[in-house]
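*Asks:* Have a look at this one before I ask anything.
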Amino acid sequence: MNKLDIKSMLFEELSDFFAEQGFQKFRAKQVFDWLHAKQIESFSEMTNLSRDMLKILDEKCYITALSIEKKLVSSIDETTKYLFKLPDGELVETVLMKYKHGNSVCVSTQVGCKMGCSFCASTKAGFVRNLTASEILEQIYKAQKDSGERISKVVLMGIGEPLDNYDNVVKFLRLISDERGNNLSLRHLSLSTCGVVDKIYALAELKLGLTLSISLHAPTNALREQTMPINKKYNIEDLLKACRHYAKVTSRRISFEYALIKDVNDSQKCADELAGLLRGMLCHVNLIPVNEIKEVTFKKSDRRSVESFGAYLNNKGINTTIRRTLGTDISAACGQLRRDNIE
């Protein structure tokens, strides 16, 4: 008999499971608290349950737990990068970043990625599988436990395309925000996608309150298709139409991620085209000097070019900021540590 992933169960699913076992209804709330508030990793830690009940749970269910395969701490800014081993031995990356306003964690949603963006290290080792809701949760729980500090913001921007793992990601969002568990407001969560348009529409209808971040990286279809194969399926016009719908339905500002690549997408012409593309939209642009990886020859734009690009957009009325780069001494960009470890 295949055991059930109890940490991936929504509270309602857990309640139904307990009813099927003939357990009292309040026991589901106790177990949910153990799993998602206290964040335990074994049934033996559930001290307010009977021995017989624990035996049944252990026979029918398992508790997902990750182990730390490797941990790197930046000497520059205390950014911590974890390489977590999953129960089946696969590896994913998680980055814990410390800010004055609180701690933020960037989590992975898949083992590898199938999107094929040419500038991204995550896709170079290929796609293996989706993560379960519990495996996404565990990255946060394990980082909190290891650091001893509460995480107040979550970014789904690690390895993988979140909307390509839509069902598990939505279940994760429901679990992480449940007031009976970790109780993280989804207004403090950002989901980054390269543009899976049909799932953007689906996510909008859920009205979860999270921030949608779009990996745009180019102002024209011709330029975007050079680095992002998904643009051949969902072009910029379709993507922006979905983004406008999302902003209208949720009243949440869209964040556009734009990685600046030297002599590719960092010209004033590109800035002007981008400004025209986004004019009148409820949005924000986040400029990022591209992370250089050994598989491709892309180089990051110099600081002056980045600042000039940002100033031009701001002068055109497009709210623009330049992302602070963290963990540069520990290869904190997603995909780099996993790729190096499996080669």
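Throughout, read-outs are computed from the coordinates displayed, never taken from laboratory work. Please read these numbers as outputs of a predicted model, since none were measured by experiment. Here the Cβ positions follow ideal geometry from the backbone for every residue, glycine too, while neighbour counts run over all protein chains shown.
*Asks:* So if each residue of separation counts as 0.36 nm, and I subtract the Cα-Cα distance between residue 198 and residue 324, what length gain in nm does that give? It would help to have the intermediate numbers written out before the result.
*Replies:* Details: separation 126, 0.36 × 126 = 45.36 nm, distance 3.12 nm.
This chain segment gains 42.2 nm when fully extended.
*Asks:* Just to be sure I understand: with springs between alpha-carbon atoms less than 10 Å apart, which residue in 172, 43, 256 has the highest mean-square fluctuation in the Gaussian network model of the chain?
*Replies:* 43
*Asks:* Below 8 Å, C-alpha to C-alpha, sequence gap of six or more: please give me the relative contact order for the chain in percent. Numbers along the way, then the final one.
*Replies:* Working: 630 pairs, mean separation 53.5, N = 343.
Computed over the chain, the figure is 16 percent.
*Asks:* Follow-up question, since we're still on this one. Treat every Asp and Glu Cβ in region 2-92 as -1 and every Lys and Arg Cβ as +1, leave all other atoms uncharged, and give the resulting dipole magnitude about the Cα centre to the nearest 20 debye. All intermediate terms of the calculation are to be shown ahead of the outcome.
*Replies:* Values: 13 positive and 16 negative charges, 44 e Å.
The dipole of region 2-92 has a size of about 220 debye.
*Asks:* Against the longest principal axis of the chain, how steep is helix 303-315, in degrees 0 to 90 to the nearest 10, with axes from Cα atoms?
*Replies:* Rounded to the nearest ten degrees, it is 90.
*Asks:* Relative to the present Cα-Cα distance, how much length would full extension add between residue 297 and residue 185 at 0.36 nm per residue of separation?
*Replies:* Details: separation 112, 0.36 × 112 = 40.32 nm, distance 4.00 nm.
Working it through step by step, the gained length comes to 36.3 nm.
*Asks:* Once phi is turned into ³J(HN,Hα) by the Karplus curve 6.51 cos²θ - 1.76 cosθ + 1.60 with θ = phi - 60°, what whole-Hz value does each residue of region 201-215 show in order, with x for glycine and proline?
*Replies:* Result, rounded to whole Hz: 4, 5, 5, 4, 5, 6, 6, 7, x, 7, 8, 9, 10, 10, 7.
*Asks:* Report the label-to-label distance for residue 308 and residue 114 in nanometres (one decimal), using points 7 Å from each Cα along the Cα→Cβ vector.
*Replies:* 4.2
*Asks:* Before rounding to the nearest 500, sum -39500 (n - 2.57) across all DSSP H runs of length at least 4 in the chain and divide by the residue total; then give [θ] at 222 nm in deg cm²/dmol. Intermediate values should be presented prior to the final figure.
*Replies:* Numbers: 11 runs with 121 residues, N = 343.
For the chain, the value works out to -10500 deg cm²/dmol.
*Asks:* Now a separate question. DSSP loop (so not H, G, I, E, B), at most 10 other Cβ within 10 Å: list which trypsin sites (Lys or Arg not before Pro) in region 138-202 pass both filters.
*Replies:* On the way: sites: 142, 145, 150, 153, 171, 174, 180, 187, 199; in loops: 150, 180.
Of the trypsin sites (Lys or Arg not before Pro), the ones in loops of region 138-202 whose Cβ has at most 10 other Cβ atoms within 10 Å are 150.
*Asks:* Another question about this same structure. As a quick test, which of the pairs 142/233; 55/114; 38/71; 3/98 have an alpha carbon distance above 31 angstrom in this structure? Let's see the in-between values first.
*Replies:* Details: 142/233 37 Å; 55/114 40 Å; 38/71 23 Å; 3/98 37 Å.
Checking Cα-Cα distances, 142/233; 55/114; 3/98 exceed 31 Å.
*Asks:* Can you give the FRET efficiency to the nearest 0.05 for residue 67 and residue 99, using r as the Cβ-Cβ distance and R₀ = 22 Å? Write down the numbers at each step before the final one.
*Replies:* Working: r = 27 Å, r/R0 = 1.23.
Efficiency at R0 = 22 Å is approximately 0.20.
*Asks:* Give me the angle, in degrees from 0 to 90, between the Cα long axis of helix 133-147 and the longest principal axis of the Cα atoms of the chain, rounded to the nearest 10.
*Replies:* Roughly 90 degrees, rounded to the nearest 10.
*Asks:* What residues qualify as long-range amide H neighbours of residue 4, i.e. H under 5 Å apart, gap of 5 or more or another chain, H built at 1.01 Å from N?
*Replies:* Under 5 Å from the amide H of residue 4: 61, 62.
*Asks:* Could you work out how far helix 26-36 tilts from the main Cα principal axis of the chain, as a 0 to 90 degree angle to the nearest 10?
*Replies:* 40
*Asks:* Calculate the dipole size of region 84-158 relative to its Cα centre from +1 charges on Lys and Arg beta carbons and -1 charges on Asp and Glu beta carbons; express the result in debye to the nearest 20. Intermediate results must be reported in sequence, preceding the final value.
*Replies:* On the way: 10 positive and 7 negative charges, 52 e Å.
In debye, rounded to 20, region 84-158 gives about 240.
*Asks:* Evaluate the charge dipole of the chain about its Cα centre and quote only its size in Debye, nearest 20, assuming +1 on the Cβ of each Lys and Arg and -1 on the Cβ of each Asp and Glu.
*Replies:* Working: 49 positive and 43 negative charges, 169 e Å.
For the chain, the charge dipole is close to 820 debye.
*Asks:* Read phi for every residue in region 13-18 and hand back ³J(HN,Hα) as whole Hz from Karplus 6.51 cos²θ - 1.76 cosθ + 1.60, θ = phi - 60°, with x for Gly and Pro.
*Replies:* Per residue, the Karplus-derived 3J(HN,Hα) values read 5, 5, 4, 5, 4, 5 Hz.
*Asks:* So what is the relative contact order of region 176-217, in percent, for Cα pairs below 8 Å that sit 6 or more residues apart?
*Replies:* Working: 40 pairs, mean separation 18.6, N = 42.
Once divided by the residue count of region 176-217, the mean separation gives 44 percent.
*Asks:* Moving to a separate point now. Grab the beta carbon distance between residue 59 and residue 237, set R0 = 56 Å, and tell me the FRET efficiency rounded to 0.05. Walk me through the numbers before you get to the answer.
*Replies:* Working: r = 54 Å, r/R0 = 0.96.
Working from the Cβ atoms, E equals 0.55.
*Asks:* Another question about this same structure. Sequence-distant or interchain residues sharing an amide H contact under 5 Å with residue 320, placed H: which?
*Replies:* 285
*Asks:* Follow-up. Take every DSSP beta bridge with both residues inside the chain and express the antiparallel ones as a percent of the total, to the nearest 5. Intermediate results must be reported in sequence, preceding the final value.
*Replies:* Numbers: 20 of 47 bridges.
Looking only at bridges with both residues in the chain, the antiparallel portion is about 45 percent.
*Asks:* For region 81-136, what class follows from the C-alpha gyration tensor (a ≥ b ≥ c being the square roots of its eigenvalues): rounded when a/c is under 1.5, otherwise prolate if a/b is larger than b/c, else oblate?
*Replies:* oblate
*Asks:* Could you give each residue of region 257-266 its phi-based ³J(HN,Hα) in whole Hz, using Karplus coefficients 6.51, -1.76, 1.60 with θ = phi - 60°, and x for Gly or Pro?
*Replies:* Computed from phi, the couplings for region 257-266 are 8, 9, 7, 7, 10, 4, 6, 10, 9, 10 Hz.
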